Amino acid sequence: MNLEELVSYYENSLSPNAISFLKRKGIELETAEKYHIGFEGPQIGFNASQSKLSGYFTNHLVFPIYNETGHVVDLLGQPIQEVKPHNKMLLGKTDIFFNQAAIEEADEVMLCRDVFDVLTLEQAEIAAVCVPEYNVFKEAHAELLKGKRVFICYPNDESSRRESKRIQEILQGKADEVYTPYLPEGIRNINMFFNEIKEPKLKFMRLLRQTVEETIKEPIASDAKNLVVFMEEYCQRYKHEVNGIKTGFPELDDLLLGGMRGGLYMIQGYVSSGKSMFMRQVADQIAQQEIPVVYVTWDMTAFELWARSMARVLDVSTEEVLTGQVEAEKVQQANQEYKKVANHLFTIEGKFETSLYDIEDCVEQITKSLGTAPVVFIDHIQRVPVRDKDGRLMPGGNEALVAYMLHQWSRKWDIPIVVSSLKSNDEKDEMPVTVEASVDVLLVFERSKGEREHKQEEIIIRMHKNRNGSLGKLPFLFNKEKASFTPSKT
């Protein structure tokens, strides 16, 4: 694949609509030419004769990413839309910055989160770089900033605040100095700062000086520094710009304050209580919304899970699907219908050698490809083998460590991670506090005290812990034959 040819192709395809979008962002045509910004309009297929990837970057601005020697190593696409665009990469190169060449000659570098922030600062002759948004800042990025004075200029929102803090810790001992400027109230990011404030460069440089002076006086920032960020985050929620991910069960979404958000969700239940089937049904219902889902299973094969999804679609028993008793034409039709879900669902069959690092790598690869991080389901926590970075298997009883790592992932990627946990039949058996401490939401499956039926059973899902919402309980009917849950009226 000739990346230089692709850059030329996309650059020549920069449309009036794309140029208009850049102008609204305050990006001058001269800057677009300097950085060889391109665009791809609606197209279909692959044009092999001209080495063009048609359709991959449809309605995306395309930004070449160069290495330190000036060679194109990847392409970054950003859709033309104003609200929370998701970047996507062509090859998924890691450990590199957009505008990396700016680092070499600069003593001070602005570390941004968005391409447009970088271009805005470069127009003001201020050296700036960013890690493509799909990718989190890593040790390798910190090495590239060794010996520099770094200003972390991330947006005014809660996830960016947490990420800025994490980056600052990584940069300690590598960069000469690290500072985090706080943007004024109502200003979401650097691009907005320069487009809406009079004399932006003068005031931005003043903000940097003020940040240095205040950090020297007060090395550990008080909470007052975060008030603007918190208010900006609240305003986004007030305007419904930050919504939870719907589970497909409205009653559960209500308890979760509108759906699932970044955090660790644990579903605990006895053997055969239906927790795995519930998780898979929720995963299907999320994928049906065209939201990517990674489902890691140590308990069932991908085929067995597919059979249960087919049973729900066909309204037949799982046994009929597994034993081939349903007409092939009906299954084929259901399979085509299910494809809308399967397009956004990635099932990983966990093996003895599958580690958390393998899952992490898979999630990052999918995120690079799709431009958005997936919701992650893991079934179940007791089956997850823990290995050190050298690949050695660590001794058993690592649920607390696994829960802590999953919780950290949910914060790093700002995604819901859902994990099941097996509860023994001993009523005195309680979840270790070291595990529960990492859990944001704990759903416990309880059997109804009524007589259990062979085909279906009433399950009470109790919200045992909800870090940011109310507690409560929800009755469900679990159809064991069809592997499906429906809210119960009782």
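Structure summary
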{"quantity": "Total residues in the range 83-120, condition basic (Lys, Arg), touching a helix residue (DSSP H, G or I) at 6+ places or on another chain (Cβ under 9 Å) and either in a strand (DSSP E or B) or closer than 28 Å to GLN236 by Cα (or both)", "calculated": "2"}
{"quantity": "Qualifying positions in the range 334-387 - buried (at least 17 other Cβ atoms within 10 Å of the Cβ), assigned to a loop (DSSP other than H, G, I, E, B) and at pLDDT 90 or above", "calculated": "HIS344, PRO374"}
{"quantity": "Index of the failed condition, ASP414 passing every other in (1) at pLDDT 90 or above; (2) within 21 Å of LEU256 (Cβ to Cβ)", "calculated": "(1)"}
{"quantity": "Contacts under 9 angstrom Cβ, first residue in the range 196-211 being assigned by TED's automatic domain parsing to the domain that holds GLU177 and surrounded by 12 or more Cβ atoms within 10 Å (Cβ to Cβ), partner part of a helix (DSSP H, G or I) and aromatic (Phe, Trp, Tyr), 6 or more apart", "calculated": "ILE197/PHE204; PRO200/PHE193; PRO200/PHE194; LYS201/PHE194; LYS203/PHE193; PHE204/PHE193; PHE204/PHE194; LEU207/PHE193"}
{"quantity": "Where PRO219 falls short, out of the listed (1) under 30 Å from ALA483 (Cα atoms); (2) over 21 Å from the mean Cα position of the chain (by Cα); (3) assigned to a loop (DSSP other than H, G, I, E, B)", "calculated": "(1)"}
{"quantity": "Any pair with Cβ under 6 angstrom, 6 or more apart, that starts in the range 353-373 at a residue that is assigned by TED's automatic domain parsing to the domain that holds TYR295 and ends at one that is of a type in the set (S, T, N, Q) and buried (at least 19 other Cβ atoms within 10 Å of the Cβ)", "calculated": "GLY371/ASN87; ALA373/THR367"}
{"quantity": "Residue satisfying all of: in the range 243-285; part of a loop (DSSP other than H, G, I, E, B) and among the aromatic types (Phe, Trp, Tyr); surrounded by the most Cβ atoms within 10 Å (Cβ to Cβ) among these", "calculated": "PHE249"}
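The values are calculated or read from the model by the stated rules, or taken from the named source; none is laboratory data. Keep in mind the model is a prediction, meaning the values are calculated, not measured. When we count neighbours, we look across all protein chains shown, and the Cβ atoms used for this are built from the backbone with ideal geometry, even at glycine.
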